Amino acid sequence: MIKSFFKKVSNYQTEKISLAAGIISIASFLSFLLGLLRDRLLSGAFGVGNSLDVYYAAFRIPDFVALVLMMGAISVAIIPIFTQNLVEDKEKAFKYLANFLNVATVILIVVCAILFIFTPQLVNLIAPGFSPEKKETTAMLTRIMFLSPILLGISNIISATLMVFKRFLITSLAPIVYNLGTIVGIIIFVPMWGIKGLAFGIVLGAALHLAIQIPSFLSIGFRFKPSFNFLEKDFLQTVKLTIPRAIGLTANQINFIIITAIGSTLLVGSVTMFNWANDLSAPIVGLIAIPFATAVFPALSLAISKNNREEFLGQFYMALRQILFLIIPASALAFLLRAHLVRIVFGTAMVNWTQTRLTAACFGIFMFALFAQGLVFLVSRAFYALKNTLIPTAVSLVSIMVLPPLAYYFVHLFRDSGGFADIVATALRVKDIAHFQILALPLAISIDSVIQIILLLIFLRFYVKEIRYGHLLGFLVKVLLATTTMIALSYAVRQIFGGVLGSETFLVMFIQTAVVSAIAVIIYFLTALVLRLPEISTFTYFLNRLTSIKAK
């Protein structure tokens, strides 16, 4: 029975963009919940301080390798080239894939081996403020984690291939089992091996990420072939398309490495608090923007391949409106409940109320620019569909020139306090905390995200002259009106609950957050109905489709 169920899940195909986005979003939500459990277990086991600072710093380099070397190739080159070969001849497509998989694996192993040798020097770059003991532990964990980019690299190539065959369900489950592996590391490996158990948990998660997709991968007809042709035409074309994207991803990762380096020089626990705030905000983008951007990408590419600009614009506008329709109220509600969310997720770790407030303040700053972070995913994919990887790369390079100076400037500005620093600290209710320089990090990232999306939208307008943004103004006014109504009424509900029940225990905080969130969602959607926003129809279809699937 279990075998039959897994076979159905592995082979399930998704045709509609909205359904594919819904499946990705639900899977992302489940992965997010496991991520929250993981972070809460981490915080309970280690607390805010040296151990988690080391863990998050150690994770940065292997994550950098996986994103730059593999995600660039997957998002830009593998899908269109494999699809083109598949249309011509299935055997030719799988021959290309086998060669690419083999060569990419060899490259990953070589790169990770070289980085393994020079890990201590790399740690000095990403965490210059760490003590010698912390640097040594960071290097040890990093070396163990270098197994994960190899496994994830292979797994992500498989994921890209399965998406061509519309196997979105099984690819969406891979991140879930990845988080399960990290949780096993915390619960089982840490008691056995200490902090090294965290690194082995990451490796286990990567192995599970790969293993769950292999049956589906084999079912589409792929078979391993010992081909290692570095000069094969399609492989070289893949590399050519990948290089600009890889450069852009490198710039983004360098930015986060610099942010980690700056954070390591601040108050002890700053790296951890920043990462927690970032981890808490990232799932909102993962639940809303990434699913729609991922699901609409093939449709955008198909429209361009048919030279149908009208269809391209229709799909782009649909995804753009849907993301804004969801991410604006979601980020506003998250800002309202920022302290509740931080205490629910990380409450067991906070040594004192000050650390809770600083983490919540960082999270709150991220919320102001979350719409920009979300739209970057969509607009970048619009460029990829147009077979243009240079503009997103150029914007990423601008980012690497803007973000570090901004971060350093705000750190010094907040250290001296007064003026703008006091306004920000007062608005986020941390004015009475002596050291709030950590707020400089999310503020710099947020401003940088807004700059990125403005540049991308401007360049897209020049590249696709038929695009018009003016007609979105009325839509945005309605979304903001519905959001403002939701926040005003939700704030009143939150204050009533806080006054009646207090906010001392996890259960009370959880109930408050759940009730206020549920009421906020109802208010927003009712207001959207009154304002006749058509985006609600997408959810009606999605719910009907899910019901029909369940009935079957």
Separation between the Ile214 and Thr105 pseudo-spin-labels, each 7 Å from Cα along Cα→Cβ, expressed in nm? 1.0 nm
I need the calculated FRET efficiency for the pair Ile467 and Glu133, taking r as the beta carbon distance and R₀ as 60 Å, to the nearest 0.05. 0.65
Fewest to most neighbouring Cβ within 10 Å: what's the order for Leu457, Leu241? Leu457, Leu241
Computed Kirkwood radius, in angstrom, where 1/r is averaged over Cα pairs of region 289-379: 15.1 Å
For Cα pairs less than 8 Å apart in space and 6+ apart in sequence, what is the mean separation divided by the residue count of the chain, i.e. the relative contact order in percent? 19 percent
Would you list which aspartates and glutamates come within 12 Å of Lys431, measuring only between C-alpha atoms, while excluding same-chain residues fewer than 8 positions from it? Asp422
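Set the Förster radius R0 to 56 Å, insert the Cβ-Cβ distance between Asp89 and Leu125 as r into 1/(1 + (r/R0)^6), and round the FRET efficiency to 0.05.
FRET efficiency, Asp89 to Leu125: 0.75.
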Region 268-469: relative contact order as a whole-number percent, Cα under 8 Å and 6+ apart: 27 percent
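Over region 53-189, calculate the relative contact order: mean separation of alpha carbon pairs under 8 Å at least 6 apart, over the residue count, as a percent.
Dividing the mean separation by the residue count of region 53-189 yields 40 percent.
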The percentage of Cα-Cα pairs in region 198-319 separated by more than 18 Å is 79 percent
Test of understanding: given the chain, find the longest segment containing no GluC sites (Glu not before Pro) that are in a DSSP loop and have at most 13 other Cβ atoms within 10 Å. 16-465
Please report the base-10 log of the normalised intensity I(q)/I(0) for the chain, using a Debye sum with one equal scatterer per alpha carbon and no solvent, at each q in 0.08, 0.09, 0.11, 0.12 (1/Å). -0.53, -0.69, -1.08, -1.31
If R0 is 41 Å, what FRET efficiency do you get for Val521 and Ile188 from their C-beta distance, rounded to 0.05? 0.65
Cα-Cα longer than 26 Å, checked against Lys92/Lys465; Lys166/Lys387; Lys166/Lys478; Lys240/Lys306; Lys135/Lys196, kept in input order, equals Lys92/Lys465; Lys166/Lys478
Using only the alpha carbon atoms of region 268-469, find the Kirkwood hydrodynamic radius as the inverse mean reciprocal pair distance, in angstroms to one decimal. 18.1 Å
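Since every read-out is calculated from the coordinates, none of them should be taken as a lab result. Given the structure is predicted, the values throughout are model-derived calculations rather than measurements. Because the Cβ atoms are built from the backbone with ideal geometry, glycine has one as well, and the counts that use them run over all protein chains shown.
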